[in-house]
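Novice: Here's a structure for you.
The values are calculated or read from the model by the stated rules, or taken from the named source; none is laboratory data. The model shown is predicted, which means the values in this text are computed figures rather than measured ones. Cβ sites come from the backbone with ideal geometry, for glycine too, and all protein chains shown count toward neighbours. Quick note on the areas: whole protein, heavy atoms, side chains included, nothing else; ligands and nucleic acids left out. Shrake-Rupley method; radii C 1.70, N 1.55, O 1.52, S 1.80 Å.
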Amino acid sequence: MQKSTINYFTLIMSSLPRFSQINPATIVAELDTILAQNRAELLLLLSEIISLDWNFIQKLDDLDDRLQHFWSPINHLHAVKQTAKLRLAYNECLAKISAYSSELSQNSRLYQAIKTLDNGDYRFNYAQKKCLHNELRDFHLGGIDLPKAKQKRYQVIQAQLAQLSNQFEENLLDATANWSKCISDKSELKGLPTYIIASAEKAAKDKNMSGCLLSLDYPCYFPVLSYADNRALRESVYKAYITRASEFGNMAFDNSPIMFKILNLRHELSQLLGFKNYAQKSLASNKMAKTPEEVLSFLENLLRCTQSKADAEWQALYNFAQSRDQIDTLQPWDILYYREKLQEKMFGICDDTLRCYFPVEKVLSGLFKLIHDLFGMQIQEIKEVDVWDPAVRFFSIIDHRQQLRGQFYLDLYARLEKREGAWMDDYQSRRRLSNGHIQTPIAFLTCNFSPPLNATQIPLLTHEEVLTLFHEFGHGLQHMLTVIDYPAISGINGVAWDAVELPSQFLEYFAWEKPVLDQISCHYQTGKSLPDSLIKKMRNAKNFQAGLQLLRQLELSLFDFRLHLEFDPKKDYTQIQALLDKIRKRINIIPVSPFNRFQHGFSHIFAGGYAAGYYSYLWAEVLSCDAFTKFLEDGIFNQETGQAFLQSILEQGGAIDAMELFKKFRGREPKIQAFLKSLDIE
């Protein structure tokens, strides 16, 4: 058995994507070949149907896998190592993939075959039944019931939406990369951590410039806003960041018309399918929440609970800035700066102080130990894997039976050609192959942390970055530890979208607990653990201005959901700004500059999967906090509780409804009290 596992492991390694061999010049032709093969094989499969069984679904999965294995590495490379030639090829492929996807969702013979399977007298297991249920639901949402003319319009809309979403992301990437500010006098950078100044000096040197070069990449932008004593510098950087891809910058990168077109097309698509708006369509796809009223009630209830706490926090911040520096009007570019100063005064702690205690290697080894302690999994690094950047690493997850459960690429550091943010994506999903072997999941875990200046420098993380790493790893665990053998519902696939953040947010809570902090921290020079005194200060500061932070999430959630609920195609683009202004006016705590164009960079809803679903972060936070509370009750490293979470949440993917899985783990439905208590909101 051991030998068989090793041989199969070798086979898996040999089938990993060859990133170094991806050639933009051949991508389009290769895609055409694969799509032609899939279409021909699907036609043959449908024409040869005599008696239907699960083998039919397995053959469909073979076609999906062929396309996935080709396109996923290209899609990922476009996000993390983009070049002009790759961008051109990628854009040309989007329309082809969209057309193919629409063809499948509107293929009446395929629909009838799956419908026959679902209605037949077959002994399918619960996971297979869920697959068929989801397939039929997606057929209806894909336009199978529409007349031919409307089906054609549906296909056109889907292709346009794919192109527009990609253009939105590319504009944001270009607008970010197009701005820089060279500082010749270092005194202007007073207050900035030394590693940020050193990075800015290196950035200037790399471009044959003298001085320090600032950019809008988050690892540069955030420290400038948080630490720079130079108020004019903070204002300059803030304005450049908050107006990215808007009418206030290079018009070639302006996302204004793209946002309106996206919303217009989503609205039209929804009405084609019989929905009043895109919010209704979104909830019908795969959400725990079933109606717009349920979502709005959830958000409004949180808002009522939060506003008084946030108001008090804002007043405290304003009073501090006024007393410290006689600031009469606290501007948006002042908020992070005085927040950091007030936190240091109140708790004697700041992110830069903690950074020296979180070297990347120690954080990773501690995180991997946590996963072993909770779920019995061992994580091993594999060398000499073909990657897209020398800093990228590759790991395998092995369970207690020495079976391979999954593998992942880890790409931690920011690059100019890499889109911002942090995310998890997949190369392949778990599935049982026709030869009986299990195809194990492979994930991409991507962050944008400050890179080390050279090969000898020890990379360090802020605690905020540690939380981000834990978050993305939580997503990865759900994808990689699944035991479901059907790719449509294994891992993160098929999971209700407003529950998909449960494992990621759940894992973040562990990074605040002393036993975990002890194993993920050590001073990068002395090797000493994070002192108890600092841990105490960290925990005391955990909920510092939590009300204001929650208020920000509520603002974005309400904006996203109401935008897709209330969008009116008869009105122009200005309705977007008008709605955001209206929501901000109602909240009326944090001042907003008239030039603020945050929405022009809101990739989650205009270029990601969170349209009419950004509320999911808060919805899932209620679930994750309640789930973590059980570990506080039973013991942080309680193996029985860890196994229960593994079996109830992580392993089941989308095979069982999210609410049923939560109740299986917790013994009841989720309660919001744990979440409010965790933020000191009673």
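Novice: Does region 320-360 hold any residues that are touching a residue at least 60 places away in the same chain (Cβ under 8 Å), out of contact with any Ser or Thr (no Cβ under 7 Å at 6 or more places or on another chain) and not aliphatic (A, V, I, L, M), and which are they?
Specialist: 329, 331, 333, 334, 339, 343, 347, 348, 352, 353, 356, 359
Novice: Among the residues of region 242-263, which ones are of a type in the set (D, E, K, R) and part of a helix (DSSP H, G or I)?
Specialist: Scanning region 242-263 gives a single hit, 261.
Novice: When the residues of region 230-240 are narrowed to those that are in contact (Cβ under 8 Å) with a residue 60 or more places away in the chain and of a type outside the set (A, V, I, L, M), which ends up surrounded by the most Cβ atoms within 10 Å (Cβ to Cβ)?
Specialist: Result: 234.
Novice: Check region 610-623 and report whether any residue there is over 16 Å from residue 501 (Cβ atoms) and surrounded by 16 or more Cβ atoms within 10 Å (Cβ to Cβ).
Specialist: no
Novice: Take residue 648 and decide whether it is hydroxyl-bearing (Ser, Thr, Tyr), open to solvent by less than 60 Å² (accessible area, probe 1.4 Å), farther than 17 Å from residue 512 by Cβ and within 25 Å of the chain's Cα centre (by Cα).
Specialist: Against the criterion (hydroxyl-bearing (Ser, Thr, Tyr), open to solvent by less than 60 Å² (accessible area, probe 1.4 Å), farther than 17 Å from residue 512 by Cβ and within 25 Å of the chain's Cα centre (by Cα)), residue 648 qualifies.
Novice: If a residue must be in a helix (DSSP H, G or I), touching a residue at least 24 places away in the same chain (Cβ under 8 Å) and under 20 Å from residue 457 (Cβ atoms), how many such residues does region 188-221 contain?
Specialist: So the count comes out to 9.
Novice: Consider region 256-280. How many of its residues are out of contact with any Lys or Arg (no Cβ under 8 Å at 6 or more places or on another chain), farther than 15 Å from residue 571 by Cβ and surrounded by fewer than 17 Cβ atoms within 10 Å (Cβ to Cβ)?
Specialist: The number of residues fulfilling the criteria is 3.
Novice: Another one. How many residues are open to solvent by less than 70 Å² (accessible area, probe 1.4 Å) and at pLDDT 80 or above if we restrict to region 1-22?
Specialist: 5
Novice: Still on this structure, please answer the following. Looking at 329, 353, which is the one that is open to solvent by 10 Å² or more (accessible area, probe 1.4 Å), part of a helix (DSSP H, G or I), at pLDDT below 95 and on the phi < 0 side of the Ramachandran plot?
Specialist: Selected residue: 353, the only one of 329, 353 that is open to solvent by 10 Å² or more (accessible area, probe 1.4 Å), part of a helix (DSSP H, G or I), at pLDDT below 95 and on the phi < 0 side of the Ramachandran plot.
Novice: Output the number of residues of region 578-609 satisfying the condition of being surrounded by fewer than 16 Cβ atoms within 10 Å (Cβ to Cβ) and either among the polar types (S, T, N, Q) or closer than 25 Å to residue 505 by Cβ (or both).
Specialist: Number satisfying all stated conditions: 3.
Novice: Inside region 103-117, can you point out the residues that are open to solvent by 20 Å² or more (accessible area, probe 1.4 Å) and either closer than 25 Å to residue 269 by Cβ or in contact with an Asp or Glu (Cβ under 8 Å, 6 or more places away or on another chain) (or both)?
Specialist: Selection gives 103, 104, 105, 107, 108, 109, 111, 112, 115.
Novice: I would also like to ask the following. What are the pairs with Cβ atoms under 7 angstrom where one residue, in region 626-650, is basic (Lys, Arg) and the other, located anywhere, is buried (at least 16 other Cβ atoms within 10 Å of the Cβ)? Sequence gap at least six, or different chains.
Specialist: What qualifies is 630/641; 630/666.
Novice: Additional query: In this structure, does residue 468 turn out to be within 20 Å of the chain's Cα centre (by Cα) and surrounded by fewer than 22 Cβ atoms within 10 Å (Cβ to Cβ)?
Specialist: Taking the combined requirement at face value, the residue satisfies it.
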